[in-house]
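Notes follow once the structure below has been shown.
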């Protein structure tokens with residue numbers, strides 16, 4: 001273990017070291033243009049291939065140098081052609097120090113010293129040594145020997161000292177031997193300098209330094225200059241590094257603890273930058289290397305640890321928050337009473353069966369870890385009615401229904417049912433997973449519109465899928481409450497937080513989409529703002545309305561919307577909102593916008609938080625308001641309703657006047673002396689009967705007036721047909737750009753028929769629209785209206801091209817959607833008239849035109 | 001004026017009011033015929049119009065309304081027969097419309113016996 005630790009630490013230390021050296025090299029290279037001191041060495045590069053560099057040339061060269069009074073002369077490596085005699089001769093004449101790789105062979109020469117030649121291992125060399133022990137004898141290295149010669153003492157640096165490369169490759173003057181021999185030397189270059197004659201022998205290969213590749217002679221010149229200038233690069237001691245790192249860790253952690261999260265990265269980045277600046281300055285001005293690599297690694301390590309810890313902390317907080325939310329959400333929908341009892345499924349089965357007029361219904365759920373379905377609830381059938389072969393949900397018809405993604409009309413028998421029943425299978429899908437299936441049958445001759453049935457079925461299926469999903473979750477929870485041993489036996493473990501959160505997110509997404517659908521399904525155009533007036537949601541209707549008048553919902557605040565729609569001033573709009581927020585009320589403002597049709601009202605209301613726990617003394621505080629709802633309410637519909645009711649009351653007045661006539665006349669007659677007693681009694685009876693009749697009529701009208709005419713459940717009530725007819729004529733004229741005359745003769749009779757205004761308009765539209773399309777240009781459409789006691793009869797006839805009667809009849813008897821929109825509308829109109837208890841008749845003859853007659857129940861008291 | 005010679009036709013869809021109006025007229029010595037809608041009234045006029053002196057005509061009726069009957073009468077016999085239109089409509093526009101269509105008088109419902117008789121006598125004495 002300890003070996004592993006030592007190796008690991010060594011490797012780690014090596015990583016630190018390598019990084020520090022790399023930083024050091026980069027810093028040195030970056031300092032190459034910084035000139036901090038004057039050179040004290042002249043390097044003369046001696047090319048040994050130079051033909052004339054014989055011993056005599058060497059002597060000439062030395063003489064050339066010597067005459068300019070150098071401080072000392074050194075030859076980095078003993079020239080190969082020098083004999084011991086030549087050495088003696090040169091040494092006697094010049095203050096010469098000569099380097100050799102084997103100084104021990106020249107022990108009798110005091111000036112022959114060791115010239116350290118590094119191995120050719122590709123490393124980057126930054127240091128030079130001072131001594132070398134050969135055969136137990138200590139030899140000075142050339143650079144140290146020259147230093148001692150000049151200063152008459154050894155330098156005090158470390159045995160291995162760092163060469164100062166600051167100033168770059170151009171810092172030291174370099175002259176070639178050829179130029180020197182040719183008299184190219186000048187006194188300024190040589191005087192008081194140490195001249196190093198650097199031999200470029202094949203042995204002296206180039207080597208890697210912080211400044212890049214350089215000849216060994218250059219490397220020695222830098223080492224010599226460093227010693228002579230006494231600007232050796234000092235490296236921080238280990239204890240200094242430890243102290244600095246400890247201090248740095250302490251300061252940084254303190255800073256991180258005290259500084260807000262968002263500034264931490266900035267502070268650490270500041271530390272790193274400061275370290276770089278201080279280190280570089282220290283190197284440049286004080287020749288002191290702070291082992292910056294170690295400091296940077298420490299800082300980066302702290303940064304990484306910090307990020308990791310912060311990330312982990314955030315992750316834990318997020319996870320905890322998400323799990324808490326998931327648990328809270330679950331508690332909302334996992335109502336034990338609902339899932340533990342069978343009663344609710346009975347209600348659901350009954351409800352769908354009755355609402356959709358189904359014959360048989362069966363709800364099936366998927367069996368976990370199996371491919372069969374299981375019955376949840378069935379009405380008028382059971383799982384036994386499904387053959388064993390057809391209970392595998394990985395086969396047809398289940399797979400086909402899943403592929404279709406909606407209600408599948410089955411071609412082959414699935415449930416055992418009578419031949420006059422049509423069967424459907426609906427996949428129950430929640431959050432992308434199939435929870436089960438719903439199979440049902442309806443009577444083949446059912447009057448239900450298939451498209452409407454499928455729409456309703458799919459809406460129910462969505463709700464039932466969600467219930468099934470929660471039921472499955474509830475069952476899963478029940479199983480999770482089993483003993484640990486059982487769980488282990490069944491290899492069931494706790495679900496991961498991911499699964500739990502994913503489940504909650506799926507649920508919330510689903511709920512959100514339901515909320516979207518709800519908002520879009522609202523009768524009114526609605527836009528929801530948060531308390532600060534920012535848009536939270538816009539329903540489709542509002543979005544379309546605003547787009548139509550060139551307003552972009554999401555770019556407007558609540559105040560902007562009020563201003564744009566109501567024409568109020570900014571101040572008024574703000575006052576409205578203040579009132580809403582503080583008084584928790586609602587405001588209705590008439591819409592005044594040129595782009596919108598009149599009759600709209602903008603209703604602005606504050607949505608209050610229903611959690612009463614925070615309410616103190618019944619007062620509303622601003623933050624209990626969760627949003628502001630703006631709705632555009634189409635008052636024209638309400639106006640229409642009131643108009644219809646007004647018409648009924650108007651007619652009532654007519655009937656009342658009629659009845660009062662009888663009463664008044666009977667009273668007058670009863671007072672006439674010519675009338676016999678018997679007659680008088682009859683007249684009194686008439687008065688009584690009429691009064692009773694009037695009271696009854698009043699009650700009837702009162703009931704009708706109180707009816708909700710806007711409700712879709714109220715399919716018919718007394719409607720004045722005149723307005724619907726006139727509107728339809730105008731609309732059809734606009735749609736069909738033809739010169740056709742329509743002048744309906746409205747009789748003096750009651751104009752109230754049992755219908756619904758909007759639908760009645762659609763009926764007139766359908767009939768008149770087709771007649772105009774078919775009519776000859778410039779012709780007239782005859783409209784005759786006749787009032788029977790019980791029915792109002794309408795006859796529309798044109799002079800046009802016509803179509804074959806058979807074809808027209810086939811359109812009106814079709815059970816499927818027609819390609820022609822006009823005939824489809826006519827078909828729907830005929831069904832609508834049937835539903836109102838009227839009759840529809842259509843005739844057509846080629847070359848003559850078309851004729852449509854229909855009757856509607858007249859409203860009579 | 002020999003009242004028994006005067007012939008009044010009542011066209012009114014409300015059976016009680018029709019009977020009561022007939023009673024009033026008969027008590028005053030008029031000869032009265034009555035019909036429940038305009039169609040039946042016209043059928044009668046086609047054969048017996050010459051004998052009719054005055055028509056009490058309800059405006060709002062099923063099958064064929066009073067407006068149609070008035071138009072028919074004025075097309076057929078110009079102004080030889082007096083026509084009193086009885087209506088529950090109280091607006092002046094309807095009254096103007098009826099008078100311009102040829103009605104001699106428009107009486108608004110509820111009917112007052114005295115006003116009715118005064119109107120009948122005034123028209124028959126013209």
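Any chance the range A:735-752 includes a residue that's at pLDDT 85 or above, closer than 19 Å to residue A:857 by Cβ and not in a helix (DSSP H, G or I)?
yes
Which residue out of A:716, A:700 is away from every other protein chain (no Cβ under 14 Å), touching a strand residue (DSSP E or B) at 6+ places or on another chain (Cβ under 6 Å) and in contact (Cβ under 8 Å) with a residue 40 or more places away in the chain?
Result: A:716 is the single residue among A:716, A:700 that is away from every other protein chain (no Cβ under 14 Å), touching a strand residue (DSSP E or B) at 6+ places or on another chain (Cβ under 6 Å) and in contact (Cβ under 8 Å) with a residue 40 or more places away in the chain.
With the condition kept exactly as written, say whether any residue in the range A:713-721 is closer than 27 Å to residue B:66 by Cβ and part of a helix (DSSP H, G or I).
So far as the range A:713-721 goes, yes, one or more of its residues are closer than 27 Å to residue B:66 by Cβ and part of a helix (DSSP H, G or I).
Which pairs do you get when a residue that is at the interface with chain B (Cβ under 8 Å from one of its Cβ atoms), found in the range A:645-662, comes within reach of a residue that is outside any helix (DSSP H, G or I) and at pLDDT below 80, reach meaning Cβ atoms under 7 angstrom, with the pair 6+ apart or on two chains?
Close Cβ pairs (under 7 Å, with a partner that is outside any helix (DSSP H, G or I) and at pLDDT below 80) amount to A:654/B:89; A:655/A:861.
Restricting the search to the range A:32-56, which residues are closer than 18 Å to residue A:230 by Cβ and either buried (at least 18 other Cβ atoms within 10 Å of the Cβ) or modelled with pLDDT of 80 or more (or both)?
Those that are closer than 18 Å to residue A:230 by Cβ and either buried (at least 18 other Cβ atoms within 10 Å of the Cβ) or modelled with pLDDT of 80 or more (or both): A:38, A:39, A:40, A:41.
I need every pair where a residue in the range A:524-536 that is modelled with pLDDT under 80 has its Cβ under 7 Å from the Cβ of a residue that is assigned to a loop (DSSP other than H, G, I, E, B), sequence separation at least 6 or different chains.
Note: pairs meeting the criteria are A:533/A:557; A:534/A:557.
Residue by residue through the range A:252-264, note down the ones that are part of a helix (DSSP H, G or I) and either surrounded by fewer than 13 Cβ atoms within 10 Å (Cβ to Cβ) or touching a residue at least 12 places away in the same chain (Cβ under 8 Å) (or both).
A:252, A:253, A:254, A:255, A:256, A:257, A:258, A:261, A:262, A:264
Do we have any residue at all in the range A:228-248 that's part of a helix (DSSP H, G or I) and more than 17 Å from residue A:295 (Cα to Cα)?
Within the range A:228-248, one or more residues are part of a helix (DSSP H, G or I) and more than 17 Å from residue A:295 (Cα to Cα).
If you scan the range B:52-67, which residues turn out to be within 14 Å of another protein chain (Cβ to nearest Cβ) and buried (at least 20 other Cβ atoms within 10 Å of the Cβ)?
Those that are within 14 Å of another protein chain (Cβ to nearest Cβ) and buried (at least 20 other Cβ atoms within 10 Å of the Cβ): B:56, B:57, B:58, B:59, B:60, B:61, B:62, B:64, B:65, B:66, B:67.
Inspect all residues belonging to the range A:791-800 and state whether any of them is modelled with pLDDT of 90 or more, away from chain B (no Cβ under 14 Å), surrounded by fewer than 22 Cβ atoms within 10 Å (Cβ to Cβ) and in a helix (DSSP H, G or I).
No, the conditions are met nowhere in the range A:791-800.
Check whether at least one residue in the range A:833-848 is assigned to a helix (DSSP H, G or I), out of contact with any strand residue (DSSP E or B) (no Cβ under 8 Å at 6 or more places or on another chain) and in the same structural domain as residue A:722 (by TED's automatic domain parsing), and report yes or no.
Scanning the range A:833-848 turns up at least one residue that is assigned to a helix (DSSP H, G or I), out of contact with any strand residue (DSSP E or B) (no Cβ under 8 Å at 6 or more places or on another chain) and in the same structural domain as residue A:722 (by TED's automatic domain parsing).
Please go through the range A:808-821 and pick out each residue that is buried (at least 16 other Cβ atoms within 10 Å of the Cβ) and either part of a helix (DSSP H, G or I) or in contact (Cβ under 8 Å) with a residue 40 or more places away in the chain (or both).
Residues satisfying the conditions are A:808, A:811, A:812.
Applying the selection to the range A:586-615, what residues are outside any strand (DSSP E or B) and either over 22 Å from residue A:564 (Cα atoms) or modelled with pLDDT under 75 (or both)?
Matches in the range A:586-615: A:597, A:598, A:609, A:610, A:611, A:612, A:613, A:614, A:615.
Give the range A:758-790 a look and list any residue that's within 22 Å of residue A:824 (Cβ to Cβ) and assigned to a strand (DSSP E or B), or say none.
Result: A:775, A:781.
Considering only residues that are within 10 Å of another protein chain (Cβ to nearest Cβ), buried (at least 20 other Cβ atoms within 10 Å of the Cβ) and assigned to a helix (DSSP H, G or I), which ones fall in the range B:19-39?
Of everything in the range B:19-39, those that are within 10 Å of another protein chain (Cβ to nearest Cβ), buried (at least 20 other Cβ atoms within 10 Å of the Cβ) and assigned to a helix (DSSP H, G or I) turn out to be B:20, B:21, B:23, B:24, B:38.
Give the residues of the range A:644-658 that are within 15 Å of residue A:687 (Cα to Cα) and buried (at least 20 other Cβ atoms within 10 Å of the Cβ), sorted by residue number.
Answer for the range A:644-658, where residues must be within 15 Å of residue A:687 (Cα to Cα) and buried (at least 20 other Cβ atoms within 10 Å of the Cβ): just A:658.
Let's see how each residue does on (1) surrounded by 20 or more Cβ atoms within 10 Å (Cβ to Cβ); (2) modelled with pLDDT of 90 or more:
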| position | (1), (2) |
| --- | --- |
| A:770 | yes, yes |
| A:781 | yes, yes |
| A:789 | no, no |
| A:805 | no, yes |
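Looking at A:370, A:420 in this structure, which one is over 34 Å from the mean Cα position of the chain (by Cα), outside the structural domain of residue A:815 (by TED's automatic domain parsing), closer than 27 Å to residue A:505 by Cα and surrounded by fewer than 13 Cβ atoms within 10 Å (Cβ to Cβ)?
The conditions single out A:370.
Which of (1) without any contact (Cβ under 8 Å) to a residue 12 or more places away in the chain; (2) closer than 14 Å to residue A:46 by Cα; (3) touching a strand residue (DSSP E or B) at 6+ places or on another chain (Cβ under 8 Å) is the odd one out, the single condition residue A:177 does not satisfy?
For residue A:177, the exception is condition (1).
Look at residue A:734 and say whether it is touching a helix residue (DSSP H, G or I) at 6+ places or on another chain (Cβ under 9 Å) and away from chain B (no Cβ under 14 Å).
No, not satisfied.
Going through the range B:73-126 one residue at a time, which ones are within 14 Å of chain A (Cβ to nearest Cβ) and in a loop (DSSP other than H, G, I, E, B)?
B:88, B:89, B:90, B:91, B:103, B:109, B:110, B:111, B:112
The values are calculated or read from the model by the stated rules, or taken from the named source; none is laboratory data. Just so it is clear, the model here is predicted, and its values are computed rather than measured. Cβ atoms come from the backbone with ideal geometry, glycine included; neighbour counts cover every protein chain shown.
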